[in-house]
Amino acid sequence: MLKNLFVFAPVVISSACALFFMEVLARKPNIDFSEAALGTQNTSRFAVRDDIVIHAQKIEDFPKLISGFKSRNLRNAVLWLGNSQLHAINSADADAETAAAKAHDSLTKDGFDLIAVSYPNANLQEHLVTLAYMQNQMPEIKFVILPLVFDDFRESSIRDEVKPLLRDISVARKLKSLQCCEPLITSLLSDNSSPPSDPLNREVQSPKTSQEKSEHYLNQILEKNWPLWAAREKARGLFFVQLYRLRNTIFGITPQTKRSVIKPLYVANKNALNGILELAQHDDIRVISYIAPLRTDIEPPYVPAEYALFKNEVRNLCSKFQNASFFDFERIVPAEYWGLKNNTSLKASQEIDFMHFMEPGHRRLANAIIEVFRSMDLENIR
């Protein structure tokens, strides 16, 4: 009897802990795990002007972004793509705004309408698909602003939230027309098994088979009557966040730990950059590419030789396209404008943030972009 008690005790204890954990989660508001890496020190800001979105993160907001542009009656659109550096502000005041919002206000005076799309941990493959979709919806796009972030070349494929764009027939056609990166395009399109349709139609499909119907019915009953069941996705997300922190603690991984290039992912994203440049050249869009700001007062988590090679390769690739400009903005944000973020291990509460900066840093980035525009010959564009 005592032996059986010892056998089942871990199961009982772990089950009780899991139930308690889920009960706590069930009482919490919705958690956005895509923003978990930002921590409490960084605030996401997606700018709005006259109650109209000018900066979107979710594809569901694209129709508002597009209709807003058309309502402002400016002929030339500028699309700024990016990762969380574009929408997150470290130590933000209530009225702090991003570089995209500041550049929008300034360039409007010059007859350009800047809009932005950014995803957390974005990669170049997602930027390629987003550009293909947005250019089809907005042929008025004359400029694309494209940050080149070494970390983004470690990200893979297309996230589920962006994949619906691949269902657009015109997007698939544009991607298939690219000469530079056929294997990548084939992989991206084959990864999306849904039939061509309206990519922004998120209407939930009705269950068809008996199994689907029974599962759907049981889920509805459980979610309605048992808060713990409704919290299962939050529990799963928080579990993986804590597992990630535990891994970093065990292996001593810190923000300054060197992260080597993952060759297949690096090549896929470099091919996607080539695709962006080719697509833009075909559609007579000017590309303003730049090495993204990086905290340099402390040694960054990059292998120096790999980072130098990355900068040289993307610079050389951009130089092959007449419609592309390349700038190095790595050092435009000084040390005092960078901050801290929540720790990604189980040790200290905060750690160095190499990716996100304060509002003065956003002001400097916006000014750099504005200066690029004002130094160009734009007479033939307007």
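Give the residues of the range 332-371 that are buried (at least 17 other Cβ atoms within 10 Å of the Cβ) and small (Gly, Ala, Ser), sorted by residue number.
Scanning the range 332-371 gives 339, 345, 361, 366, 368.
With (1) modelled with pLDDT under 95; (2) outside any loop (DSSP other than H, G, I, E, B) as the list, and residue 266 as the residue in question, which single condition is left unmet?
(1)
Just give me the residues in the range 305-350 being among the hydrophobic types (A, V, I, L, M, F, W, C) and over 21 Å from residue 281 (Cβ atoms), in sequence order.
Passing the criteria: 305, 308, 309, 310, 329, 332, 333, 335, 338, 340, 346, 348.
Would you check if residue 129 is of a type in the set (Val, Ile, Thr), part of a strand (DSSP E or B), touching a residue at least 24 places away in the same chain (Cβ under 8 Å) and under 21 Å from residue 281 (Cα atoms)?
no
How about the range 47-94: which of its residues are part of a helix (DSSP H, G or I), of a type in the set (D, E, K, R) and farther than 19 Å from residue 164 by Cα?
Scanning the range 47-94 gives 70, 72.
It is to be established whether one or more residues within the range 100-118 are outside any strand (DSSP E or B), among the hydroxyl-bearing types (Ser, Thr, Tyr) and within 14 Å of the chain's Cα centre (by Cα).
no
How many residues does the range 285-306 contain that are surrounded by fewer than 17 Cβ atoms within 10 Å (Cβ to Cβ), in a loop (DSSP other than H, G, I, E, B) and of a type in the set (A, V, I, L, M)?
The number of residues fulfilling the criteria is 2.
Working only within the range 96-144, note down all residues that are surrounded by 24 or more Cβ atoms within 10 Å (Cβ to Cβ), among the polar types (S, T, N, Q) and under 19 Å from residue 61 (Cα atoms).
98, 118, 130
The values are calculated or read from the model by the stated rules, or taken from the named source; none is laboratory data. All values reported here derive from a predicted model rather than from experimental measurement. Glycine also receives a Cβ, built like all others from the backbone with ideal geometry; neighbour counts cover every protein chain displayed.
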